[in-house]
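These notes concern the structure reproduced below.
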Amino acid sequence: MIRVVGVHKTFGPLHVLRGITLEVPKGEALVIIGPSGSGKSTLLRCINLLVEPDAGSVFIDGVHVNRPEVSAEWVRQQVGMVFQSFNLFTHLTALQNVMLGPVRVKGMEQEAARVKAKQLLARVGLAAKAEAYPAELSGGQQQRVAIARALAMDPKAMLFDEPTSALDPEYIREVLDVMTALAREGMTMIVVTHEMGFASNVASRIVFIDAGIVLEEGHPNQIFGNPQQERTRTFVSKILR
């Protein structure tokens with residue numbers, strides 16, 4: 001479903017991604033771990049073309065997307081993304097936030113979009129909050145609205161960039177539960193996270209990135225229980241304390 005081949009990205013003198021190659025089959029939940037500044041978020045942004053790779057290729061469901069003739073907007077319809085910050089429109093209700101993409105981008109009729117948005121809010125456990133504004137919602141609830149908003153575009157895959165890092169500890173679980181349910185339903189996902197319990201229980205595979213390079217990948221049991229690279233061992237020993 002997602003294939004990245006030899007992707008490089010530099011920002012000025014900083015070489016952030018150094019030839020990243022990875023594949024995510026349909027239905028797999030891939031978790032990316034690694035230290036801050038290792039290029040994890042940049043990789044996600046290269047996949048949905050929020051950032052243009054300097055070299056290499058990105059394929060979504062067999063389509064080579066980082067070419068001039070492919071619209072970045074089309075790519076972002078295929079691959080939804082959930083960020084650390086919720087980025088909800090504060091003047092719109094939860095329902096209106098979820099409706100906006102299908103109506104504005106896909107041309108869906110208002111009533112059909114409303115029905116769909118209500119279904120998606122129910123799916124993330126927020127049926128009762130449809131008419132609430134973001135300021136009336138907790139951080140965890142706002143992030144769940146953001147997930148529903150991404151799902152409203154019927155994406156083929158979802159990218160999550162540390163979606164719980166801005167949340168108070170009491171709200172983390174409700175977001176992870178929604179993500180776990182999505183993975184169990186077969187959504188293709190790439191998740192950048194420091195939530196190692198989620199990674200252990202939900203990931204089909206874990207990729208460890210450091211300094212813009214994939215150093216190791218494997219099943220969670222192998223990465224956490226018997227990492228092969230010394231750098232992986234050092235990182236895992238610190239985060240699993």
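The values are calculated or read from the model by the stated rules, or taken from the named source; none is laboratory data. Since the model is a prediction, treat every value here as computed from it, not as a measurement. Using ideal geometry, Cβ is built from the backbone for each residue, glycine included, and neighbour counts are taken over all protein chains shown. Just so you know, the surface numbers come from the protein's heavy atoms only, side chains and all, with ligands and any DNA or RNA stripped out. Shrake-Rupley method; radii C 1.70, N 1.55, O 1.52, S 1.80 Å.
In the stretch 112-241, if the dipole is taken from +1 on Lys/Arg beta carbons and -1 on Asp/Glu beta carbons about the Cα centre, which of LEU121, VAL191, VAL207 is farthest to the positive end?
Comparing the listed Cα positions along the dipole, LEU121 ranks first.
Hey, what did the stretch 46-152 get for relative contact order, percent, Cα under 8 Å, at least 6 apart?
Relative contact order comes out at 28 percent.
Karplus couplings for the stretch 56-64 from phi (6.51 cos²θ - 1.76 cosθ + 1.60, θ = phi - 60°), rounded to Hz, Gly and Pro as x?
So the J values, rounded to whole Hz, are x, 10, 10, 10, 10, 6, x, 9, 6.
Restricting to lysines 8 or more places apart or on different chains, can you count the pairs in the chain with Cα atoms under 29 Å from each other?
20
Using a ≥ b ≥ c from the Cα gyration tensor of the chain (square roots of the eigenvalues), is it rounded, prolate or oblate, where a/c under 1.5 gives rounded and otherwise the larger of a/b and b/c decides, a/b for prolate?
Oblate.
What ranking do 70-80, 90-100 get when scored by the average of other Cβ atoms within 10 Å per residue, highest first?
Highest to lowest by the protection proxy: 90-100, 70-80.
In the full protein assembly as shown, how much of ILE172 is accessible to a 1.4 Å probe, in Å² to the nearest 10?
Using a 1.4 Å probe on the heavy atoms, I get roughly 30 Å².
Please label the shape of the stretch 1-71 as rounded, prolate or oblate, based on the square roots a ≥ b ≥ c of the eigenvalues of the alpha-carbon gyration tensor (a/c under 1.5 means rounded; beyond that, a/b larger than b/c means prolate, else oblate).
Because a/c hits 1.5 or more and a/b fails to exceed b/c, the stretch 1-71 counts as oblate.
Given contacts defined as C-alpha pairs under 8 Å and at least six residues apart, what's the relative contact order of the chain, whole-number percent?
It rounds to 27 percent for the chain.
With θ set to phi - 60°, apply the Karplus curve 6.51 cos²θ - 1.76 cosθ + 1.60 along the stretch 108-113 and write out the HN-Hα couplings as whole Hz, x wherever there is a Gly or Pro.
6, 4, 3, 5, 5, 5
Which cross-chain or sequence-distant (5 or more) residues have an amide H under 5 Å from the amide H of GLU216, H modelled 1.01 Å from N in plane?
Placed amide hydrogens put PHE208 under 5 Å from GLU216.
If you count, for each residue, the other Cβ atoms within 10 Å and average over each peptide, how do 149-156, 163-170 line up from highest to lowest?
So the peptides 149-156, 163-170, ranked by packing, come out 149-156, 163-170.
Roughly how big is the chain's charge dipole about its Cα centre, with Cβ charges of +1 (Lys, Arg) and -1 (Asp, Glu), in debye to the nearest 20?
That gives the chain a dipole magnitude of about 100 debye.
Rounded, prolate or oblate: pick one for the stretch 180-229, where a ≥ b ≥ c are the square roots of the eigenvalues of its C-alpha gyration tensor, a/c under 1.5 means rounded, and failing that, prolate if a/b is larger than b/c, else oblate.
Note, shape of the stretch 180-229 comes out prolate.
Can you give me the long-range amide H partners of GLY56? Hydrogens built in the peptide plane at 1.01 Å from N, cutoff under 5 Å, separation of 5 or more residues or another chain.
HIS8
Can you pull the percent of the stretch 2-156's accessible area that's carbon plus sulfur, 1.4 Å probe, other chains left in place?
52
Could you give each residue of the stretch 85-98 its phi-based ³J(HN,Hα) in whole Hz, using Karplus coefficients 6.51, -1.76, 1.60 with θ = phi - 60°, and x for Gly or Pro?
Once rounded to whole Hz, the list reads 8, 7, 6, 7, 6, 5, 8, 10, 6, 4, 4, 5, 4, 6.
Determine the sum of side-chain charges near ALA211: Lys and Arg each +1, Asp and Glu each -1, restricted to other residues whose C-beta is under 11 angstrom from that of ALA211.
Here the charged neighbours net out to +1.
So, for the chain, what is the accessible surface per residue at a probe of 1.4 Å, expressed in square angstrom?
Averaged over the residues of the chain, the accessible area is 45 Å².
Taking K and R as +1 and D and E as -1, what net charge do the other residues with C-beta under 11 Å from the C-beta of GLN141 add up to?
The answer is 0.
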